[in-house]
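Some notes on the structure that comes next.
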Amino acid sequence: MASLAGKNIRILRQQKGLTQQAFADRLGIKRSLLGAYEEQRAEPRLDVLQKISEWFGVALEDLLWQDLSAPGVRFRRLKEQAQQMPRQRIEFVPQKAAAGYLQGYSDEEFIEELNTFTLPMLGAGHYRAFEISGDSMLPVESGSVVVGHRVERLEDVKNQQPCIVVTRQEGIVYKRIQKSNRQPQKITLVSDNPAYPPYSVAKEDILEIWQADLIISRPAQKPRIGVEQLAEVVQQLQSRIDKLQRSSSVSRRG
């Protein structure tokens, strides 16, 4: 079955008052090719259809199969189509909102007030991003943002899985979760930095667990040279200059 794309392209073009040449120029194709599309002597390429779909705000499916000239026809706009598609939502919890999050984590109004963003490397779904503080999970530095998905059951978390754990006593922490059959009512939170010892948390104290999917870090800062290091560099340079001068003096005497 042939699509109605060619016929619909002509209808949409005429509604905008565009000539074939003007519209062809916008599409980046020859006027003769546009004429072939509109006369249904050729099927439009997908990239051309996508451009037309975006410019006129018409769903691609309707552009292909819906007769836009039919009386009373109601075609879906791209906005309506996008609302029906799987969406991605990432709420951002900065450090300054961490204290309030403990009281508002289950409050829809509080969550709605958080800033949101999307990331192309993550698929559709509900995520939350937390700005962490401290150096307990080095090389993940303080100020990094951990993006994760909600884990409803602790049983679904694997041992040593890095997660954002929200607890009544400790607040928001980024740790690795370690479970033990000997203490089923507790979990151990482990830091990657060995300077921080592991500690246990009762399951009943856990409010939320967000399994880490992505870490966003600031670019590494160029290390600064201290006064002592600078003095050492100058001394090394002076030593090399002295050696070159002595070597030059010996060669001249020779």
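Hey, can you tell me all the residues within the range 167-187 that are open to solvent by 30 Å² or more (accessible area, probe 1.4 Å) and over 22 Å from Gly100 (Cα atoms)?
Arg176, Gln178, Lys179, Ser180, Asn181, Arg182, Gln183, Pro184, Gln185, Lys186 - these are the residues of the range 167-187 that are open to solvent by 30 Å² or more (accessible area, probe 1.4 Å) and over 22 Å from Gly100 (Cα atoms).
Mind checking which residues of the range 155-206 are touching a residue at least 40 places away in the same chain (Cβ under 8 Å) and among the charged types (D, E, K, R)?
Arg168, Asp192, Lys203
Where residues in the range 123-148 are loosely packed, with under 15 Cβ neighbours inside 10 Å and closer than 13 Å to Glu91 by Cβ, which of them is modelled with the lowest pLDDT?
That would be Gly125.
In this structure, does Ile164 turn out to be among the aliphatic types (A, V, I, L, M), surrounded by 12 or more Cβ atoms within 10 Å (Cβ to Cβ) and out of contact with any Lys or Arg (no Cβ under 8 Å at 6 or more places or on another chain)?
Against the criterion (among the aliphatic types (A, V, I, L, M), surrounded by 12 or more Cβ atoms within 10 Å (Cβ to Cβ) and out of contact with any Lys or Arg (no Cβ under 8 Å at 6 or more places or on another chain)), Ile164 does not qualify.
The values are calculated or read from the model by the stated rules, or taken from the named source; none is laboratory data. Just so we're clear, the structure is a prediction, and the values are computed from it rather than from any experiment. Neighbour counts are summed over all protein chains in view; Cβ atoms, including those assigned to glycine, are modelled from backbone coordinates with ideal geometry. Heavy atoms of the whole protein, side chains included, go into the accessibility calculation; ligands, DNA and RNA do not. Shrake-Rupley method; radii C 1.70, N 1.55, O 1.52, S 1.80 Å.
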